[in-house]
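To start, the structure under review is shown below, and the notes come after it.
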Amino acid sequence: MKSVIIVDYGMGNVRSVWNAFKSLGAQPKIGSDPEDIKRSDAIVLPGVGAFGEAMKNLRSQNLVDPLRKLVLGEGKPFLGICLGLQLLAEDSEELGHHSGLSWIKGSVKGLPQCKG
């Protein structure tokens, strides 16, 4: 069985994701140490919360460059869930303008307000 690491950068529902992978027979690990992430066979980046805060946390934990190298440079399998997927964009307009990981072209935009 391949090892899966669920990146804990303070913005995710890591325990729920861990439970989901465990129920599928995987041996997931939760962590934020770049060396642990490097040793894993696959990376999961979950997320719940605000885009800007998430990017701030990834930067403060020095995870941006290691993740880029492993996923884009080495082709390590990656799954972004919810906010973890949004962070792959170039930027977001949520609660101001924030730069993302820029792994994919595009911006995260808010949905227009419905008038009822």
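Quick one: count up the residues across segment 20-51 that are within 17 Å of Gly10 (Cα to Cα) and under 13 Å from the mean Cα position of the chain (by Cα). Quick ask: steps written out before the conclusion?
Start the filter on segment 20-51 by keeping residues that are within 17 Å of Gly10 (Cα to Cα), which leaves 29-34, 36-37, 43-51.
When the remaining residues are screened for being under 13 Å from the mean Cα position of the chain (by Cα), the result is 30-32, 37, 43-51.
Counting residues in segment 20-51 that are within 17 Å of Gly10 (Cα to Cα) and under 13 Å from the mean Cα position of the chain (by Cα) gives 13.
Results for (1) closer than 16 Å to Ser40 by Cβ; (2) among the hydrophobic types (A, V, I, L, M, F, W, C), shown as yes or no for each residue.
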{"residue": "Lys69", "(1), (2)": "yes, no"}
{"residue": "Leu87", "(1), (2)": "no, yes"}
{"residue": "Glu93", "(1), (2)": "no, no"}
{"residue": "Lys109", "(1), (2)": "no, no"}
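Note on segment 1-51: among residues that are assigned to a helix (DSSP H, G or I) and among the aromatic types (Phe, Trp, Tyr), the one that is least open to solvent (accessible area, probe 1.4 Å) is Phe51. Considering each residue of segment 85-103 in turn, at least one proves to be modelled with pLDDT of 95 or more and aromatic (Phe, Trp, Tyr).
Does Leu72 count as farther than 17 Å from Val14 by Cβ and aliphatic (A, V, I, L, M)?
Values: farther than 17 Å from Val14 by Cβ: yes; aliphatic (A, V, I, L, M): yes.
Considered against the rule, which asks whether it is farther than 17 Å from Val14 by Cβ and aliphatic (A, V, I, L, M), Leu72 comes out as yes.
Inspect all residues belonging to segment 98-112 and state whether any of them is outside any loop (DSSP other than H, G, I, E, B), at negative phi and of a type in the set (Val, Ile, Thr). Even if it seems obvious, please write down each step before you answer.
Quick first cut of segment 98-112, residues outside any loop (DSSP other than H, G, I, E, B) only: 98-99, 107-108.
If we keep only those that are at negative phi too, we end up with 98-99, 107-108.
Subsequent filtering for residues that are of a type in the set (Val, Ile, Thr) retains 108.
Scanning segment 98-112, I find at least one residue that is outside any loop (DSSP other than H, G, I, E, B), at negative phi and of a type in the set (Val, Ile, Thr), so the answer is yes.
The set of residues in segment 1-60 being hydroxyl-bearing (Ser, Thr, Tyr) and under 24 Å from Ser102 (Cβ atoms) consists of Tyr9, Ser32, Ser40, Ser60.
Residue pairs whose Cβ atoms lie under 6 Å apart, sitting 6 or more positions apart in sequence or on different chains, and linking a residue in segment 13-40 that is under 18 Å from Gly80 (Cβ atoms) to a partner that is loosely packed, with under 14 Cβ neighbours inside 10 Å and of a type in the set (S, T, N, Q), are Ser40/Ser3. Restricting attention to segment 52-75, the residues that are at pLDDT 95 or above and open to solvent by less than 30 Å² (accessible area, probe 1.4 Å) total 9.
The values are calculated or read from the model by the stated rules, or taken from the named source; none is laboratory data. All of these numbers come straight from a predicted model, not from anything done at the bench. FYI the Cβ positions are ideal-geometry reconstructions off the backbone, even for glycines, and counts take in every protein chain you see. Accessible surface is based on the protein model in full, side chains and every heavy atom, while ligands, DNA and RNA are left aside. Shrake-Rupley method; radii C 1.70, N 1.55, O 1.52, S 1.80 Å.
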